[in-house]
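None of the figures in this text is laboratory data; all of them are computed from the coordinates on show. Just so it is clear, the model here is predicted, and its values are computed rather than measured.
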Amino acid sequence: MNRYGDEMLLKMDRDFRLAKLIQEAEAASGKLVTQEEVTYGVRQGWIETEEESIMLKNQRIWDGLLTLPIPDHLVQVPRGKLQDGRNSHERDEVMWIDEQKGISLGLSRSSHPLHVSQIERMGSVITDQIRMLKKDAQWLNEETVQGDSLIVFYGESIQPSTLGMAYDIVFVTSVSGRAVTGNVRFPVEQLHLWRLLTRAIFTCTQMSENGNEPIH
């Protein structure tokens, strides 16, 4: 089989596994919510499901450069624990966690320049690197989405964690011409809501100055 045929089979397999996971997560959920409903809730600062209610509060990071709507049950990790927000690779890091639920959301801004046209390519490079390092990860989906202020690449996988199987979403975007990468991780059981919530958070994220350009 040629390379194109192989890639088509791999994509079909990933799509099937993702659909099966979502179906299982939905079956375990109560009344389902849609992406539009979750995004609307994030804009309003409140999401209500049969299982829980989530309040979101705007969090400003990097001297107000970005404002993100973050669920209030996530606690920001003190800067001291993130090496004062800057490590030896010249990265400004910020992270929020819910240790009890096993949920984390982290961003890292590097000094590496990144034009918006290079976001998808950089995302593919990063996911390829992770594939090499984490052989036990099952990669399910990759896509690039236009938000209010940001264009974001998402790479989704299932990985073993200390709390069981985790759903991991790697993301890449460009903020004021610099690369911003990170990931959101949560238990597979939280898949349906948190997959939608992750996209809604970055869709609604606002920049304080010129953002990146729309997808062409």
Amide hydrogen neighbours beyond the local backbone of S161, cut-off 5 Å, H modeled: A166
The long-range amide H neighbours of I70, using H built 1.01 Å from N in the peptide plane and a cut-off of under 5 Å, are K57, N58, Q59
Amide proton proximity set for N141, modelled H, under 5 Å, gap of 5+: E156
Whole-Hz Karplus couplings 3J(HN,Hα) for the stretch 51-65, θ = phi - 60° and coefficients 6.51, -1.76, 1.60, Gly and Pro as x, run 8, 7, 10, 10, 9, 10, 10, 5, 10, 9, 10, 6, 6, x, 5
